Amino acid sequence: MKKLLVLAVVMMWALPLLAETYFWVDESGTVNFTEEYSRVPVKYRKKVNKRGDVNVRPATPAGKADTSSKEKQPPQQPQAADLKAAPADNAAGLYGGQKAEIWQQNFRVRGAELKRLEEQLVRLEELIKRPVGISRERAFGLPQEFKDTQGHYGEALKRYNELNEAANKAGLPAEFRK
């Protein structure tokens, strides 16, 4: 009888471990969670992560997982491929059909984006190493957020390099690339 009672208690204790929990980050940065998918607001269903048993995987593919960092990104600048490299018209102060000030602004925006993403990666890495003062759900989502931020950093670096290549083709002097 004692064995049956112990078995029942152990089973009741282990039952919540089999439950799936859905969690997402809302616009204000709050981590919300529920056990029922139907209780997830419709506008967050594409961003929801699923936490189940030992094999924990996001409910969405890793490439499509979204974090609040996407909302903080500055508006996209024209892609470097869109900046057609026209012959440098130095007499009019144009390089590739654009003024040097426009090039400087583009370099500043892209450089600031890279710096912001680098700082975010450092913060996330520190939180992963020492998750002090954050919720368990937030700590659980940190590795995926780190991977997503690494992807965003790679894309931003690629855009910066494309801009630099376009500036090279346009004959933009180095002092305008700071």
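Tally the residues that are in contact with a strand residue (DSSP E or B) (Cβ under 8 Å, 6 or more places away or on another chain) and either outside any helix (DSSP H, G or I) or among the acidic types (Asp, Glu) (or both), restricting the search to the stretch 145-172. Outline the logic, then answer.
The first filter runs over the stretch 145-172 and keeps only residues in contact with a strand residue (DSSP E or B) (Cβ under 8 Å, 6 or more places away or on another chain), leaving 167, 170-172.
Narrowing the set further to residues that are either outside any helix (DSSP H, G or I) or among the acidic types (Asp, Glu) (or both) leaves 171-172.
Final tally of qualifying residues: 2.
Looking for whichever is modelled with pLDDT under 90, touching a Phe, Trp or Tyr at 6+ places or on another chain (Cβ under 9 Å) and either acidic (Asp, Glu) or in a loop (DSSP other than H, G, I, E, B) (or both) here; the options are GLU125, GLU118, GLU137. Which one fits?
After applying the criteria, what remains is GLU137.
Conditions tested, residue by residue: (1) hydroxyl-bearing (Ser, Thr, Tyr); (2) in contact with a helix residue (DSSP H, G or I) (Cβ under 7 Å, 6 or more places away or on another chain); (3) surrounded by 15 or more Cβ atoms within 10 Å (Cβ to Cβ).
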site	(1), (2), (3)
VAL122	no, no, no
GLU126	no, no, no
ARG130	no, no, no
ILE134	no, yes, no
GLN144	no, no, yes
ALA170	no, no, yes
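The values are calculated or read from the model by the stated rules, or taken from the named source; none is laboratory data. Values in this document were obtained by computation on a predicted structure and should not be read as measured data. Every residue, glycine as well, gets a Cβ built from its backbone with ideal geometry; the counts of neighbours run over all protein chains shown.
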